[in-house]
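What follows is a short report on a single structure.
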Amino acid sequence: MTERRNTRQLDAIRELLAEERRPLSIEEIYEGARRAVPTLGVRTVYRVMHRLEDEELVARVAIPGQPDRYELAEVAAKHHHHFHCIECDRVFDVQGCPGHLEKMVPDGFVLDGHEITLHGRCNHCA
Ligand SMILES: [Zn+2]
Ligand SMILES: [Zn+2]
């Protein structure tokens, strides 16, 4: 594989993540980026995502019981939470944070961070 083709695949995937404005699964990235790069294979998507992750250009979004999603590092850098639609399986960013979660931890425990995933139906599926 030539470096040029590689770059085209990388760009197509980063553009897709920027356009969709939500965390995408490997399958969604494959389906979406294939429109720009028809020769793209799903194994290449895995390889590109690992490379983008190594280079800290994307971050993994873990949803319990779901395949990992990926979001751009600059999106991940801003504290936010996610909404998982149980109908279409899409994951969306949600704004806001309940905060003050240190009140929930037992005495003597130190809270370093939190992740919150809301579940339900998106505006398309509700
Ligand atoms: Zn939905
Ligand atoms: Zn939060």
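The values are calculated or read from the model by the stated rules, or taken from the named source; none is laboratory data. Just so it is clear, the model here is predicted, and its values are computed rather than measured. Quick reminder, even Gly has a Cβ in these numbers, built from the backbone with ideal geometry, and neighbours come from all protein chains shown. Note: areas computed on protein heavy atoms with side chains; ligands, DNA, RNA excluded. Shrake-Rupley method; radii C 1.70, N 1.55, O 1.52, S 1.80 Å.
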Exercise for the section: For residue 81, enumerate residues with amide H under 5 Å from its amide H, sequence gap 5+ or separate chain, H modeled in the peptide plane. Expected result: 94
Exercise for the section: Let me see the pair-distance distribution of the chain: every alpha carbon pair, 10 Å bin width, integer percents in order. Expected result: 12, 39, 30, 14, 5, 1
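Report the trypsin sites (Lys or Arg not before Pro) located in the range 56-111 that are in a DSSP loop and have at most 11 other Cβ atoms inside 10 Å of their Cβ, or state none.
Answer in residue order: 78.
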Completion exercise
Rounded to 0.05, the calculated FRET efficiency for the beta carbons of residue 53 and residue 109 at R₀ = 25 Å is 0.25
Exercise for the section: Rounded to the nearest 500, what is the 222 nm mean residue ellipticity of the chain from helices alone, with -39500 (n - 2.57) per DSSP H run of 4+ residues and division by all residues? Expected result: -10500 deg cm²/dmol
Completion exercise
In the chain the DSSP beta bridges are antiparallel at a rate, in percent to nearest 5, of 70
Problem - Per residue accessible area in Å² of the range 1-112, where ligands, DNA and RNA are left out and the probe is 1.4 Å - result: 66
Handout entry: Estimated inter-spin distance, residue 97 and residue 42, nm [label 7 Å along Cα→Cβ]
Key = 3.5
Handout entry: Residue-span extension gain [residue 19 to residue 121] - 0.36 nm each, minus C-alpha spacing
Key = 34.6 nm
Problem - Protein accessible area in the chain, 1.4 Å probe - carbon and sulfur % - result: 49
Practice task
Determine ³J(HN,Hα), in whole Hz, for all residues of the range 42-58 in sequence, where each value follows from phi through the Karplus function 6.51 cos²θ - 1.76 cosθ + 1.60 and θ = phi - 60°; x replaces Gly and Pro.
Solution key: 5, 5, 5, 4, 4, 5, 5, 5, 5, 5, 5, 5, 4, 7, 6, 9, 10
